[in-house]
Structure formats: C-alpha cells, structure tokens
1. When A:I38 is evaluated against the numbered criteria (1) over 17 Å from A:L115 (Cα atoms); (2) open to solvent by 30 Å² or more (accessible area, probe 1.4 Å), which criterion, by number, is the only one it fails?
2. So if I check each of B:I109, B:I44, B:I17, which one is of a type outside the set (K, R), more than 14 Å from DNA strand D (Cβ to nearest atom) and either surrounded by 15 or more Cβ atoms within 10 Å (Cβ to Cβ) or part of a helix (DSSP H, G or I) (or both)?
3. Among the residues of segment B:113-154, write down those that are of a type in the set (K, R), within 26 Å of A:E186 (Cβ to Cβ) and at pLDDT 90 or above.
4. Just to be sure I understand, how many residues within segment B:51-63 are more than 8 Å from DNA strand D (Cβ to nearest atom), surrounded by fewer than 17 Cβ atoms within 10 Å (Cβ to Cβ) and within 17 Å of B:S12 (Cα to Cα)?
5. Of everything in segment A:189-203, what is hydrophobic (A, V, I, L, M, F, W, C) and assigned to a helix (DSSP H, G or I)? Give them in sequence order.
6. If you check B:I78 against the conditions, is it in the same structural domain as B:I93 (by TED's automatic domain parsing) and either more than 16 Å from DNA strand D (Cβ to nearest atom) or modelled with pLDDT of 95 or more (or both)?
7. Going through segment B:81-106 one residue at a time, which ones are in a loop (DSSP other than H, G, I, E, B), more than 14 Å from chain A (Cβ to nearest Cβ) and either in contact (Cβ under 8 Å) with a residue 60 or more places away in the chain or open to solvent by 60 Å² or more (accessible area, probe 1.4 Å) (or both)?
8. With within 15 Å of DNA strand D (Cβ to nearest atom), modelled with pLDDT of 95 or more and not aromatic (F, W, Y) as the only criterion, which of A:T35, A:T26 stands out?
Number of protein chains: 2
Amino acid sequence: MAKVVKAEIDLSTEEKIKEAASKVFTKKGYGNARTRDIAEEAGINLALLNYYFRSKEKLFDIVMAERIQKLFGILTPILNDTATTLEEKFEKITENYINMLIEHPDLPIFVLSELRNDPERFADRLQAKTHLTQSVFVKQLQEKGTEIHPFHFLMNLLGMIIFPFVGKPVLQTVTGGEENYLALMEQRKKLIPEWLKMMLAKA
Amino acid sequence: MAKVVKAEIDLSTEEKIKEAASKVFTKKGYGNARTRDIAEEAGINLALLNYYFRSKEKLFDIVMAERIQKLFGILTPILNDTATTLEEKFEKITENYINMLIEHPDLPIFVLSELRNDPERFADRLQAKTHLTQSVFVKQLQEKGTEIHPFHFLMNLLGMIIFPFVGKPVLQTVTGGEENYLALMEQRKKLIPEWLKMMLAKA
DNA sequence: AAATTATTTAATCAAATGATTAAATAATTT
DNA sequence: AAATTATTTAATCATTTGATTAAATAATTT
C-alpha cells in the first residue's frame, strides 16, 4: 500500500478539485456548472474528478456542506456567547459578516439558491431550529420583555447585512463601481448595529 | 393567411408555454430547467416550444423580462410619487412588496441568482441607476439633510422586506410551518415602516 | 529489484438534452 | 371547394455531458 503518501497526495489533489468545484459551483450554480469546467479549473483530467469523488452530485454535497458552514458558521458562536450583551452581538455579527462577505460576495446567493432547489436535502446541515431557538441571543431578547418576536431582529440583522450582497448585481448598477460599493459596505459596519440598537430600545 | 385567428391562438398557446416556462424556470433556475419539463407543464409537444420561441434561451429572455418587471416594477411608481411623504412611501413599498412576495415567494431568489450568472445581459432591463438616482424618494431624503447615503435606506428597506423570502428555506426551519411564517410576514408589514421611520428620525 | 498498490490519462460510452425535419391536421383566404 | 397558410405532432439528429474503462505511470511495500 501507499498509505502515507496516499494521504498527502490525496489531500493535495483532492483539495485542488474541491477548491475548483467550490469556485465553479459558487459562480454558476449546480445546474450551470459542468464537471469539465471543474476539471479544467483544477488542472486535472475529468476522470480524476470521478476517481476521487465518484460523481458530480457527491462532489457537490461536499462543497455545499463547506459553503453552508462558511455562510452560517459565523452566527452560532456569537449568538451563544454569554459574555457579550445584545448590543455587542449586533456589532460582532455585523463586523464579521461584512468582512467575510466582502471577500465572498457570491456566497449567499449561491447557498440560498441551491437550498431553494432542495431544502430537505440540506436540512440536517442547517439545524437552525436548535441553534437559534435555544440560543443565548434569543434568551437575552426575551429578558428584554419585548413584544416583538426574536426572529424579527435576526431577519433585520441578516437582511440588512446579507441583502446588499445578494442584490449586488442590481444595486451596484446604482451605486457605481466596486469602490463605491465597498465604501457603502464599510459604512454599514457601523450603521447597522446602531439601527438595531434603536429597534431594541423602542421595542 | 390566418391573421386573426393566428393572433388569438398564438396568444393562447404562446401564453400557455410562457406561463409554464415562467413556472419551471422560477422553480428550478435556467440551468436545472429542461425544455421537456416546460413542454410537459404546458401540456404541449416539445417541438411547439421551439416553433413559438426558437430556443430555450430566447424563451428564457422573455420570461426574465417579465420576472424582473414583476420584482422591481413595484418600486418605480411609489418612489416617484410627489404626492406622498417619505413615511408613506415606506408604508406603501412594504405593504405592496410583502403582499406580492407572499404570492410569489420564490421570485427574488430566482431573479437575483439569474442576474448573478450574467449581470451585463439584463443591465438594460434594470435601468436602476436612472430610476433611483433621480427619484423623488432620493430627493426627499436629501431634503432631510441626512448624512446617511440614500441607498442605505433603500438597502435596509429591501433587505428587511425581501431577505426573509430569499432565506425562507433556512428561516422557515426555525419559525416552523407555513402559517407561522405568514404570521411573521404579516407583522412585518406594520413593523418595517416603523423601523425605517426611526432610522430617518435619528439620521 | 520485484510485486503491489495508488494515481493519472486517453479514449469511449450511454443517456440526456436542445433542436430540427417532414408529415399530418386545422384554420383561413380566395 | 380549392388553395394557402398556420399549427401540431412523431420521429430523429447532433451535441453535450456525466461517467466508465483499460492502459500507462508513479509511488510504496516486501
């Protein structure tokens, strides 16, 4: 056997394919992506892709798991931090998300549009229900004694943070070039937490 | 020739195909949609689809034009109404959008994810730049003398309205069934305008 | 070094898929 | 009614596309 080197080379070639797949899938979506695109992007033979991952679908599953984690993994630790106040959570989530989304602007539209195609399929990956309903964040909101359902705050937060990236193709035609867009996103890092604090105060 | 009847029958069969295409494309996206799916949904022969529309792509172009209009057509008349205040515009946009999105929850994710695939292609359909920069809405905001860029308000409004529908597959696993989700959306009709008024007041 | 196992490639397959063609049917015009 | 035009269908094409196979090469073990 060639265990040791297998592991190393596997990781290297496997990783090359996985990253190419992530890039191509994220840019074009599952249906528009061709396994040949991925192979070319990875600089390998098409057969190798199937040798390592058996099928387009299996490769896609692996990519999706990682992309979902990348998109939603930010939330869980912050929402469950007992050491921070609600206000600090707003700030951290906004800051972390916008920084990440500036680097990966096409991540949300990819994940959300693939989830639409088959929500059941990735339901277990999400586990949003448990993560959120029992989160410190929700408890802190309930302690405030507000009439407003906790998820409204979450929708507002995520909506204000993520939507500008989901709608980037449209919105950027309005704001002008990439620089202007980035400048607006930078402003939103400070603005969004303030807006949420206002909502909290009035609630 | 068969002019008169051609026009009528064309409209009927053409419309059947167009509506089937709209349904299938919206649900699955261009890349995952099959012309055979559309033909079956329309209850017609596959060849008929090509007889009327020449190709999948041309049919898609027509569908996209209508879907873009459906998604963004709501905005223009309200944003340019000189008879309403900013506050009333918030209310009208929220009310109209949420009502429409309850009927067509998969519209935004479809349009936005297809726009991502080729933003240039539909740039002329959007014309967001002109429609917005010179809108009454923007002028009214500027009269308020706020430091905050007008587009922040638009992003917040659209983000809070549209995002819950874009993220429905994820968010609904948290909120529970369709009824709960609808109830939350109904609440947002009243809440979102209030939140925007607060942002305006503090700005 | 020989044998074994793992990796990679070129060639090819089979099914899916968008599109066309030729013929049949229906409608309209003359 | 005959001729013309429009609509619809069944059958078929050509290409694309995901996947496999058999052979070549490289690495590892014995």
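1. Among (1) over 17 Å from A:L115 (Cα atoms); (2) open to solvent by 30 Å² or more (accessible area, probe 1.4 Å), the lone unmet condition for A:I38 is (2).
2. That would be B:I109, the only listed residue that is of a type outside the set (K, R), more than 14 Å from DNA strand D (Cβ to nearest atom) and either surrounded by 15 or more Cβ atoms within 10 Å (Cβ to Cβ) or part of a helix (DSSP H, G or I) (or both).
3. Matches in segment B:113-154: B:R116, B:K139, B:K144.
4. 1
5. Once the filter is applied, which keeps residues that are hydrophobic (A, V, I, L, M, F, W, C) and assigned to a helix (DSSP H, G or I), segment A:189-203 yields A:L191, A:I192, A:W195, A:L196, A:M198, A:M199, A:L200, A:A201.
6. Numbers: in the same structural domain as B:I93 (by TED's automatic domain parsing): yes; either more than 16 Å from DNA strand D (Cβ to nearest atom) or modelled with pLDDT of 95 or more (or both): yes.
Against the criterion (in the same structural domain as B:I93 (by TED's automatic domain parsing) and either more than 16 Å from DNA strand D (Cβ to nearest atom) or modelled with pLDDT of 95 or more (or both)), B:I78 qualifies.
7. As a first pass, look at segment B:81-106 and keep what is in a loop (DSSP other than H, G, I, E, B): B:81-85, B:104-106.
Subsequent filtering for residues that are more than 14 Å from chain A (Cβ to nearest Cβ) retains B:81-85.
Hits for segment B:81-106 are B:T82, B:A83, B:T85.
8. The unique qualifying residue is A:T35.
The values are calculated or read from the model by the stated rules, or taken from the named source; none is laboratory data. The model shown is predicted, which means the values in this text are computed figures rather than measured ones. Every residue, glycine as well, gets a Cβ built from its backbone with ideal geometry; the counts of neighbours run over all protein chains shown. Each accessible area value is taken on the protein alone, full model and side chains, heavy atoms only, with ligands, DNA and RNA left out. Shrake-Rupley method; radii C 1.70, N 1.55, O 1.52, S 1.80 Å.
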